[in-house]
1. Can you run phi through the Karplus equation (6.51, -1.76, 1.60; θ = phi - 60°) for segment 275-289 and list ³J(HN,Hα) in whole Hz, with x for Gly and Pro?
2. Quick check: the angle from helix 35-49's long axis to the longest principal axis of the chain, C-alpha only, nearest 10 degrees?
3. Mind giving me the nanometre distance, one decimal, between the label points for Trp194 and His349, set 7 Å out from Cα along Cα→Cβ?
4. Which FRET efficiency value, to the nearest 0.05, is calculated for Arg179 and Ala382 with the Förster distance at 45 angstrom and r the Cβ-Cβ distance?
5. Rounded to the nearest 10 degrees, what's the angle between the helix 78-90 long axis and the longest principal axis of the chain, both from Cα atoms, 0 to 90?
6. Where a ≥ b ≥ c are the square roots of the eigenvalues of the C-alpha gyration tensor, would you call segment 329-385 rounded, which needs a/c under 1.5, or, failing that, prolate if a/b is larger than b/c, or oblate?
7. Compute, for segment 329-385, the length of the dipole vector about the Cα centre, with Cβ point charges of +1 (Lys, Arg) and -1 (Asp, Glu) only. Units Debye, rounded to 20.
8. Helix 249-260: angle to the longest alpha-carbon principal axis of the chain, degrees 0 to 90, nearest 10?
Amino acid sequence: MLEKLDTVGWGGLTHAFGTAEEIPAFITALRAEDPQMRGDARDELWSSLLHEGRRYEADVYTVPFLADLAADPTTFDRAAIVDLLAALAIGSDHPYLVTGFPIERLRPSPDAVDESWHLLYSEWSGRAPGAPPGEADELRVYDAVRAELPRMLTLLDDTDGAVIEAAAYLLAWFPEAARDTVGPLLAVAGQRGWRRDLRVTALLAAGLAARGPVPESAVIASLAHDDDEEVRWAAAVAWTLTAGATVPEEPRGVLRARAGGGIGPEEPVLAPWGLGRAEWSVRLLEHLGDPAAADSRAALVRAEATKRHLGPWVERLGEAFYLAFGDDERTASLRYADLTPAQRWLVDHLVRHPDALIAEPDEVTELLRWYGLPDSHPALTAYAAAAA
């Protein structure tokens, strides 16, 4: 399996911190008996091959060996290795959770790869134009992982639930292989005796991989009537991802209901996805241009800002501000009249609660400044009143 490690000229390859001579040792350590040694090796591979979201030329040569390990049932921690492969393929999943991975935009021509990656990266990161985050290496690594999909697909039949879930998540990002992957993913989703998280992840992955009508669309619609509430929600997401603007009222209603419920203490953990169900529902409604989207985001922000917390004000407000304004610092202020319903509600909430700025003046003031809002209660009150 790892016999060919020494045939690669690692010393002539680079990663985030220089040449890649140590990569074979880290790969080999993934089979160590000692879990600490395995964990350290994974950490080294993550930091070297995927530093700050960039990929490097050594990554392409590492992928087949990681796939070898993931496919071997005697390997320890195989789910973590599959997770690393998924991260090497796309970086963060955050930009693609309502669109699927837009690989078609990254293949206009071999000469345009760098420019296309940078365009996509700039759109979701908000960073100014400059050098692409990883030049052409991203597409090369993506295609190296894509070449391993036949082996990753067999992991859906594994006996280890964590491996099945990790494989399903990885398959979500390869729409060019949807003809081969959507059916098996939906087969996992349809296993009513299986763990909820496996079924949910398989459904979400099928929708993201398909990104449009597929022969299995009727299967997705049928799972919207499953006995499990979370599976029904995942089916609504997958249905929306495959039907787009033509999605009927039934799945839209499921998304609105989940969005309006907010992020409560009983919100099930949605691993391995980096987004909760309520926020994902809102983002999908916004992507559709659904008339209820703005009110749904306002309800999400309201639920987050008013739920009971034992911690300080800034903790309960921090997530609400992120949900209302995003996470980028504002360089210019907005007029109150130009705020979204969610943003206006949050400003009004602070006007009604001057104790937030009295109890934690420095922390809340810093939060307001970050988002370009007046940083005192009198100024915030005047700001809101000016639109009356």
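Nothing in this text is a laboratory measurement; each read-out follows from the coordinates by a stated rule. If you're wondering where the values come from, they're calculated on a predicted model, not measured in any experiment. Note: ideal-geometry Cβ built from the backbone for every residue, glycine included; neighbour counts use all protein chains shown.
1. These are the phi-based 3J(HN,Hα) values: 9, x, 5, 5, 5, 4, 4, 4, 5, 5, 4, 5, 4, 6, x Hz.
2. The two axes meet at around 80 degrees.
3. Label at Trp194, label at His349, 3.8 nm between them.
4. The pair Arg179/Ala382 has a calculated efficiency of 0.15.
5. In the chain, helix 78-90 runs at an angle near 70 degrees to the longest axis.
6. Oblate, since a/c reaches 1.5 and b/c is not below a/b.
7. Here the size comes out at about 320 debye.
8. 70 degrees
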